[in-house]
1. Mind listing just one residue for me: the one in region 211-223 that is more than 30 Å from Gly164 (Cα to Cα) and surrounded by 10 or more Cβ atoms within 10 Å (Cβ to Cβ) and, of those, nearest to the chain's Cα centre (by Cα)?
2. Considering region 34-43 alone, what residues qualify as being in contact (Cβ under 8 Å) with a residue 60 or more places away in the chain and open to solvent by 30 Å² or more (accessible area, probe 1.4 Å)?
3. Can you tell me which residue in region 4-22 is least open to solvent (accessible area, probe 1.4 Å), limited to those that are touching a residue at least 24 places away in the same chain (Cβ under 8 Å) and either under 18 Å from Leu118 (Cβ atoms) or outside any helix (DSSP H, G or I) (or both)?
4. Please count how many residues of region 75-93 are closer than 21 Å to Ala47 by Cα and among the small types (Gly, Ala, Ser).
5. All but one of (1) within 18 Å of the chain's Cα centre (by Cα); (2) closer than 30 Å to Pro97 by Cα hold for Ala181; which doesn't?
6. Does Ala98 meet the test of being of a type in the set (Gly, Ala, Ser) and either at pLDDT below 95 or touching a Lys or Arg at 6+ places or on another chain (Cβ under 6 Å) (or both)?
7. In region 195-210, is there at least one residue being assigned to a loop (DSSP other than H, G, I, E, B), open to solvent by less than 90 Å² (accessible area, probe 1.4 Å), within 28 Å of Arg138 (Cβ to Cβ) and at pLDDT 95 or above?
8. Give the residue that is nearest to Pro31 (Cα to Cα), with candidates limited to residues of region 55-99 that are among the small types (Gly, Ala, Ser) and over 17 Å from the mean Cα position of the chain (by Cα).
Amino acid sequence: MSQTPDSAVRTYIEQHRTAFLADLAEWLRIPSVSAQPDHAPDVRRSADWLAAKLTETGFPTAEVWETPGSPAVFAQWPADDPEAPTVLVYGHHDVQPAAREDGWDSDPFEPVVRENRLYARGAADDKGQVFFHTLGVRAHLAATDRTAPAVNLKLLIEGEEESGSPHFRALVEEHAERLAADAVIVSDTGMWSEDTPTVCTGMRGLAECEIVLHGPDQDIHSGAFGGAVPNPATVAARLVAALHDE
């Protein structure tokens, strides 16, 4: 019985699961902690590893992009159809610090499988998600007999996301033309559950500010002036309450 494209993709993924996990485990062993200067060589090693693996996957372009901090990785695989849309996938290859004393049951940089789950720092944030695209594109090609993706595919994998992305804006502005795309996919989100395919359509950002409220320069009688003269505490409460609508 012939397979549907969907079942062919799933079959390919299952057939190549072991090799994929072995490659991912190799990448996870690199402690690419961008927030710790001692690990700067590891973050670079992580970028070099990914660029080489993307080349091995078939991407005709895979480059390490320098920044004043940690390097990013850019890859591109054009479609055969010049009119095909362009999709840019964003992710990051740096990870948060991790140590056994933080509560890990095993070395966070030595991947282990327990109850069919892979445990290591970066397995879910964000090396696992990023690397799965390499298996996905290979499965897509195998299922469709294509020699190139159906869309113009670009990847931008940052090296400082866990450090606040201090050089990311400048990097994007510098390479704006090469990063031009019709759609951007952020490959740094989660799944609702194991068996529920999930697409995240929106995320909240983070903004910092300092608000200074100044009231009367002296104590005033609450019975005579209370309610008529604005109280900084009341104004602060209203500001906080106004951060959320219905």
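1. Here the residue is Gly215.
2. Ala35, Gln36
3. Per the criteria, the residue is Phe20.
4. 2
5. (2)
6. yes
7. Checked against the condition, which is being assigned to a loop (DSSP other than H, G, I, E, B), open to solvent by less than 90 Å² (accessible area, probe 1.4 Å), within 28 Å of Arg138 (Cβ to Cβ) and at pLDDT 95 or above, region 195-210 yields no hits at all.
8. Among residues in region 55-99 that are among the small types (Gly, Ala, Ser) and over 17 Å from the mean Cα position of the chain (by Cα), the one nearest to Pro31 (Cα to Cα) is Ala98.
The values are calculated or read from the model by the stated rules, or taken from the named source; none is laboratory data. Note that the coordinates shown come from a computational prediction; the quantities given were computed from them, not determined experimentally. Neighbour counts run over all protein chains shown; Cβ positions are idealised from the backbone, glycine included. SASA here: full protein model, heavy atoms, side chains in, ligands and nucleic acids out. Shrake-Rupley method; radii C 1.70, N 1.55, O 1.52, S 1.80 Å.
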